[in-house]
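Structure first, commentary second.
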Amino acid sequence: MAQTLTISQLARLASVNVETIRFYERQGLISKPPRGSSGFRHFPYEAVDAIRFIRVAKSLGFSLPEIQKLIKLRSSQDAQTKEDVRDLEATLNSINEKIGALTVLRDDLVSLKR
């Protein structure tokens, strides 16, 4: 069996608390892992990357439903529907708008340094 993580190990590696992981599970952002014979849940190491992705997306202003769509798109790259492509294009447009707004803000702040 591949090595797995307990919820506390996962929390530490992903720099979140245990309740955050439980919340992400309830929201369907990460899968609920199987329990071992001891009753502890065994998370795959990939869960660390998934939680980090969620944290980055949240920090960039994406809502949980938007993040859920992004996760779905990441996991089904080969089987995208027309709706998936539209969602992806909308997300890309949103990201480009945020980049534009951040660029303007950065330029304004740089001009204050002078």
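The values are calculated or read from the model by the stated rules, or taken from the named source; none is laboratory data. These numbers were taken from a predicted model, which means no experiment stands behind them. A quick note on method: Cβ atoms are made from the backbone with ideal geometry, for glycine too, and the neighbour counts reach across all protein chains shown.
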### Query
Within region 1-36, how many residues are surrounded by 13 or more Cβ atoms within 10 Å (Cβ to Cβ) and among the charged types (D, E, K, R)?
3
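Does residue 94 satisfy the criteria of being surrounded by 10 or more Cβ atoms within 10 Å (Cβ to Cβ) and outside any loop (DSSP other than H, G, I, E, B)?
Details: surrounded by 10 or more Cβ atoms within 10 Å (Cβ to Cβ): yes; outside any loop (DSSP other than H, G, I, E, B): yes.
Spelling it out, residue 94 is indeed surrounded by 10 or more Cβ atoms within 10 Å (Cβ to Cβ) and outside any loop (DSSP other than H, G, I, E, B).
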### Query
Since residue 84 meets every condition but one in (1) under 29 Å from residue 9 (Cα atoms); (2) in contact with a Lys or Arg (Cβ under 8 Å, 6 or more places away or on another chain), which condition does it not meet?
(1)
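Identify, from the list 18, 48, the residue that is closer than 27 Å to residue 92 by Cα and of a type in the set (A, V, I, L, M).
Among 18, 48, only 48 is closer than 27 Å to residue 92 by Cα and of a type in the set (A, V, I, L, M).
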### Task
Could you grab me the full set of residues in region 73-114 that are among the basic types (Lys, Arg) and farther than 21 Å from residue 60 by Cα?
82, 113, 114
### Query
Does residue 11 satisfy the condition of being touching a helix residue (DSSP H, G or I) at 6+ places or on another chain (Cβ under 6 Å), without any contact (Cβ under 8 Å) to a residue 24 or more places away in the chain and more than 30 Å from residue 93 (Cβ to Cβ)?
yes
### Query
Which condition breaks for residue 74 when tested against (1) out of contact with any strand residue (DSSP E or B) (no Cβ under 7 Å at 6 or more places or on another chain); (2) surrounded by 11 or more Cβ atoms within 10 Å (Cβ to Cβ); (3) within 22 Å of residue 10 (Cα to Cα)?
(2)
### Query
Quick one: which helices (runs of 4 or more DSSP H) sit completely within region 7-82 and have at least 3 residues that are closer than 30 Å to residue 101 by Cα?
18-27, 46-59, 64-75
### Query
Any idea which of (1) surrounded by fewer than 17 Cβ atoms within 10 Å (Cβ to Cβ); (2) touching a His at 6+ places or on another chain (Cβ under 9 Å) is the one residue 39 doesn't satisfy?
(2)
### Qualifying residues in region 23-61 (those that are of a type in the set (Lys, Arg) and free of Cβ contacts under 8 Å to residues at least 12 places away in the same chain) - the one farthest from residue 72 (Cα to Cα)
35
### Message
Go through region 77-90 and report how many residues are at pLDDT below 85 and surrounded by 11 or more Cβ atoms within 10 Å (Cβ to Cβ).
### Response
5
